[in-house]
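A.B. asks: Take this structure first; my questions come after.
The values are calculated or read from the model by the stated rules, or taken from the named source; none is laboratory data. All values reported here derive from a predicted model rather than from experimental measurement. Cβ sites come from the backbone with ideal geometry, for glycine too, and all protein chains shown count toward neighbours.
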Amino acid sequence: MTEMYVPPGGPPQGPPPSREILQTLGEPYIRKLLQEHYSQLEKSAIRGMFPEDMTEAADRSADFFVQLLGGPPYFSQKYGPPRMRARHMPFAITEAAREIWLGCFKRAMDSLEFPANYREEFERFLVEFSAWMVNRR
Ligand code: HEM
């Protein structure tokens, strides 16, 4: 049950989503998107995995996404190397939890009208990266 699981696909191989996404949407939009993702998580079946203060959690995630999209390296400056799979290891992330997480992100994108021309690329990143966060069967 608690045995660690390593996804056979290995670490994500693709490039990060293009910098144009951040340049076009701006940092405040990315922060709002992560707040909305966490407010979706708050209403989800995996709410119990997350800390009580979802606003702070959303801010940490936004720091990561702004950095990933080519903005200032907020996440590394505040918390050190991303090492996302390792940081997620204390949480039991199954494929089922991943699907709920992805659903929350997609609803956040819907509700903030994430531009259609960037959506496929951004979602591809989320799908690939989240596969690598799965750490339990
Ligand atoms: C694209 C995939 C993902 C990215 C980019 C991502 C990003 C992050 C970041 C930046 C943090 C904050 C880390 C920290 O404060 O040290 C975090 C925390 C966390 N993530 Fe993820 N994550 C992803 C997938 C998932 C999935 C699939 C789950 C569970 C289904 C998950 C559950 C959590 C939990 C429980 C935390 C700790 C609480 C929190 O700070 O929100 N993550 N994630």
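A.B. asks: Assess whether GLN40 counts as being under 29 Å from TYR5 (Cβ atoms) and more than 8 Å from the ligand (Cβ to nearest atom). I'd like the intermediate steps shown before the answer.
C.D. replies: On the way: under 29 Å from TYR5 (Cβ atoms): yes; more than 8 Å from the ligand (Cβ to nearest atom): yes.
It is true that GLN40 is under 29 Å from TYR5 (Cβ atoms) and more than 8 Å from the ligand (Cβ to nearest atom).
A.B. asks: Oh, and also: For MET133, are the conditions met, namely being among the hydrophobic types (A, V, I, L, M, F, W, C), under 27 Å from GLY10 (Cα atoms) and near the ligand (Cβ under 8 Å from one of its atoms)?
C.D. replies: yes
A.B. asks: ARG31: more than 18 Å from ARG98 (Cβ to Cβ), of a type in the set (Lys, Arg), near the ligand (Cβ under 9 Å from one of its atoms) and surrounded by 13 or more Cβ atoms within 10 Å (Cβ to Cβ), yes or no?
C.D. replies: In short, no.
A.B. asks: What residue, among those in the stretch 11-58 that are more than 16 Å from the chain's Cα centre (by Cα), outside any loop (DSSP other than H, G, I, E, B) and charged (D, E, K, R), is farthest from PHE129 (Cα to Cα)?
C.D. replies: GLU20
A.B. asks: Name every residue in the stretch 1-42 that is without any contact (Cβ under 8 Å) to a residue 24 or more places away in the chain and of a type in the set (D, E, K, R), in order of residue number.
C.D. replies: GLU42
A.B. asks: Let me ask you something else. Taking only pairs six or more apart or across chains, which ones have beta-carbon atoms under 8 Å, a first residue in the stretch 75-101 that is more than 20 Å from ALA58 (Cβ to Cβ), and a second residue that is within 9 Å of the ligand (Cβ to nearest atom) and hydrophobic (A, V, I, L, M, F, W, C)?
C.D. replies: The qualifying pairs are ARG85/TRP132; ARG85/MET133; ALA92/MET49; THR94/VAL134; GLU95/VAL134.
A.B. asks: Here's a follow-up. Considering GLU52, GLU3, which residue is among the acidic types (Asp, Glu) and modelled with pLDDT under 95? Working first, answer last.
C.D. replies: Working: GLU52 fails: modelled with pLDDT under 95.
The unique qualifying residue is GLU3.
A.B. asks: Sticking with this one: Filter the stretch 61-118 down to the residues that are within 17 Å of LEU33 (Cα to Cα) and outside any helix (DSSP H, G or I), then identify the one that is nearest to the ligand (Cβ to nearest atom).
C.D. replies: Looking at the filtered set, the residue picked out is LEU69.
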